[in-house]
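> Okay, handing you the structure first.
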Amino acid sequence: MSSSVEQRTESARIVEARERYVTRGVATPPLVVARAEGARIWDVDGREYVDFAGGLGCQNTGHGFAAAAIHEQVDRFLHQCVMVGLYEPYVDVCRLLDETWPGKTATKSLLVNSGAEAVENAVKIARVATGRSAVIAFDHAFHGRTNLTMALTSKVIPYKRGFGPLAPDVYRAPAPYPGRGVSTDDALRGLELLLKQDVDPASVACVVLEPVQGEGGFIVMPDDFPSRLKEVCERHGILYVDDEVQSGVGRTGPVWAIEHYGVEPDLIVSGKSLGGGLPLAGVTGRAELMDAVPPGGLGGTFGGNPVACAAAAAVLEEVRKPSFRERADAIGTIVRRRLDDVAARSDAVREVRGLGPMIALELEEPSPDLSTAVTTAARERGLVLLSCGTYGNVIRILVPLSISDDELVHGLDLLEESLGDAGAA
């Protein structure tokens, strides 16, 4: 056997097989994961990484947190379509979603497989409940990759190019972006103009908004925007759908990011960390809205899978604890201070922004080139890191909130070193 073959790593072998068998439409890095625990990942060659990506926001409680609950349910049964036979884990998750609802309204829930599926079902419910069809989304939004949610999503490349025609009766309004000079007043003026010249408010079923726009670049809604948007909705009989797929389940500290704003939406969409690493998402809303759809109108074969529900019950019990909130707030403070310090010393960093421990830094260069160099350098140093943003120039942090102080500081050290490697520090 030649020396080149002898020296080939397991990662290289699997990446080579990936090139042969996996469609190129699925973008993958050269990191090949063997196992993960807490806020750490090990690749198939035994190298250890600090995880600042959390499975793209799916590991708020840490890798392996719900393993015991999962194993217990696996020993009972793996699947039983809820439309064939009811099971208690499904009901438990809906109960916990009601108990963590950010308000006093009695709610009901639907469980599905993914955030995109949940957003699409939220729109379906809003349409039936209001008898209207139009939907308003916002600049910099990301709501998924199905046909309808692609129409709601604002970024063309890579999410929409070539996939049209997309779902009709979707309209886009400006979103506040304080770092780019777009205020709440500016955004609301744009919304009012939309309702004057593009769509009759009497035909709008709902608006869909992320309190922190995830893929859009961790753009935090100003303190007054959700409440003033809710006022516009109430004036016109429009439902407010709060998309918390990325910002929810403790990501910003409280269970739901909308809690920072003191606003009670009509519907909340959850996903990602809800299943503790298993596919699960939900739509929760006022009981009378959720019950507007007749029996059989909502569902799906694997929606609310019992194993995922067992994991979700454990996750929701954890993220509602005051101790979880305290730790999340502490992590957010540590990360914010460090990134503010880095930004003060770097001409390449345009802005640090976020809500609690959901934090990002935007680079001055309006292209993905520099951020790609940073995330590549980070991986080489042993840090898993993601970028995002309309221009791909935002470095986001989705660290599992189970991380220790030592791991967090080490990861931030690696991040700062990676910025230097890429010429951004």
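The values are calculated or read from the model by the stated rules, or taken from the named source; none is laboratory data. Remember, it's a predicted structure, so these values are computed and weren't measured experimentally. Glycine also receives a Cβ, built like all others from the backbone with ideal geometry; neighbour counts cover every protein chain displayed. Ligands, DNA and RNA are excluded from the accessible area calculation, which covers all protein heavy atoms including side chains. Shrake-Rupley method; radii C 1.70, N 1.55, O 1.52, S 1.80 Å.
> Go through the range 355-370 residue by residue and tally those that are in a helix (DSSP H, G or I) and either under 15 Å from PHE52 (Cα atoms) or touching a residue at least 12 places away in the same chain (Cβ under 8 Å) (or both). Show your work before the answer.
Step one: list which residues in the range 355-370 are in a helix (DSSP H, G or I), which gives 368-370.
Cutting the leftovers down to either under 15 Å from PHE52 (Cα atoms) or touching a residue at least 12 places away in the same chain (Cβ under 8 Å) (or both) gives us 368, 370.
Residues in the range 355-370 being in a helix (DSSP H, G or I) and either under 15 Å from PHE52 (Cα atoms) or touching a residue at least 12 places away in the same chain (Cβ under 8 Å) (or both): 2 in total.
> Just one of ASP413, ASP347, ASP340 is modelled with pLDDT under 95, open to solvent by 20 Å² or more (accessible area, probe 1.4 Å), outside any strand (DSSP E or B) and not hydroxyl-bearing (Ser, Thr, Tyr); which is it?
Matching residue, one of ASP413, ASP347, ASP340: ASP347.
> Of all residues being in a loop (DSSP other than H, G, I, E, B) and either touching a helix residue (DSSP H, G or I) at 6+ places or on another chain (Cβ under 8 Å) or not aromatic (Phe, Trp, Tyr) (or both) in the range 93-115, which is nearest to ALA257 (Cα to Cα)? Just the residue, please.
Within the range 93-115, the match that is nearest to ALA257 (Cα to Cα) is PRO102.
> A follow-up question, please. How about the range 180-231: which of its residues are more than 16 Å from VAL170 (Cα to Cα), open to solvent by less than 10 Å² (accessible area, probe 1.4 Å) and of a type in the set (A, V, I, L, M)?
Listed by number, the residues that qualify are ALA187, VAL212, ILE219, MET221, LEU229.
> Then there's this: Enumerate the strands (runs of 3 or more DSSP E) found wholly within the range 160-277, keeping only those where 2 or more residues are aliphatic (A, V, I, L, M) and touching a residue at least 60 places away in the same chain (Cβ under 8 Å).
Those strands (runs of 3 or more DSSP E) span 204-209, 239-243, 267-270.
> Would you call ALA373 assigned to a helix (DSSP H, G or I), of a type in the set (Gly, Ala, Ser), out of contact with any helix residue (DSSP H, G or I) (no Cβ under 7 Å at 6 or more places or on another chain) and open to solvent by 30 Å² or more (accessible area, probe 1.4 Å)?
Yes.
> If you don't mind, there's one more thing I want to ask. Every residue in the range 41-51 that is within 16 Å of LEU408 (Cα to Cα) and open to solvent by less than 70 Å² (accessible area, probe 1.4 Å), please.
Matches in the range 41-51: ILE41, TYR49, VAL50, ASP51.
> Further question on the same structure: Are any residues in the range 116-142 at negative phi, in contact with a Ser or Thr (Cβ under 8 Å, 6 or more places away or on another chain) and not in a helix (DSSP H, G or I), and if so, which ones? Walk me through it before giving the result.
At the first step, the residues of the range 116-142 found to be at negative phi are 116-130, 132-139, 141-142.
With the extra rule that they be in contact with a Ser or Thr (Cβ under 8 Å, 6 or more places away or on another chain), the set shrinks to 116-120, 127, 132-134, 137-139, 141-142.
ARG132, SER133, ALA134, ALA137, PHE138, ASP139, ALA141, PHE142 - these are the residues of the range 116-142 that are at negative phi, in contact with a Ser or Thr (Cβ under 8 Å, 6 or more places away or on another chain) and not in a helix (DSSP H, G or I).
> Give just the number: which of (1) at pLDDT below 95; (2) open to solvent by less than 60 Å² (accessible area, probe 1.4 Å) does ARG161 not satisfy?
Here ARG161 clears every test but (2).
> I need every pair where a residue in the range 68-84 that is closer than 19 Å to THR301 by Cβ has its Cβ under 6 Å from the Cβ of a residue that is part of a loop (DSSP other than H, G, I, E, B), sequence separation at least 6 or different chains.
The qualifying pairs are GLN80/TYR87; CYS81/THR301; VAL82/GLY304; MET83/GLY299.
> Can you run down the residue pairs with Cβ atoms below 7 Å, 6 or more apart or on separate chains, where the first is in the range 386-403 and at positive phi and assigned to a loop (DSSP other than H, G, I, E, B) and the partner is modelled with pLDDT of 95 or more and of a type in the set (S, T, N, Q)?
Note: pairs meeting the criteria are GLY392/SER371.
> Please count how many residues of the range 297-335 are over 14 Å from THR252 (Cβ atoms), assigned to a helix (DSSP H, G or I) and touching a helix residue (DSSP H, G or I) at 6+ places or on another chain (Cβ under 8 Å).
Residues that pass the stated criteria total 14.
> Take the residues of the range 61-82 that are farther than 27 Å from ASP242 by Cα, open to solvent by 60 Å² or more (accessible area, probe 1.4 Å) and assigned to a loop (DSSP other than H, G, I, E, B): which is modelled with the lowest pLDDT?
So the residue we want is GLN80.
> Give VAL394, VAL352 a once-over and let me know the one that is over 18 Å from the mean Cα position of the chain (by Cα) and surrounded by 18 or more Cβ atoms within 10 Å (Cβ to Cβ).
Just a single option satisfies the conditions, and that option is VAL352.
Table: residues versus (1) surrounded by 24 or more Cβ atoms within 10 Å (Cβ to Cβ); (2) in contact with a Phe, Trp or Tyr (Cβ under 6 Å, 6 or more places away or on another chain); (3) in contact (Cβ under 8 Å) with a residue 12 or more places away in the chain.
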{"position": "VAL283", "(1), (2), (3)": "yes, no, yes"}
{"position": "LEU289", "(1), (2), (3)": "no, no, yes"}
{"position": "ALA292", "(1), (2), (3)": "no, no, yes"}
{"position": "PHE302", "(1), (2), (3)": "no, no, yes"}
{"position": "PRO306", "(1), (2), (3)": "no, yes, yes"}
{"position": "CYS309", "(1), (2), (3)": "yes, yes, yes"}
{"position": "VAL319", "(1), (2), (3)": "yes, no, yes"}
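> Another question, then. Give the residue, chosen from GLU362, GLU326, that is among the acidic types (Asp, Glu), open to solvent by less than 10 Å² (accessible area, probe 1.4 Å) and within 24 Å of GLU407 (Cα to Cα).
GLU362
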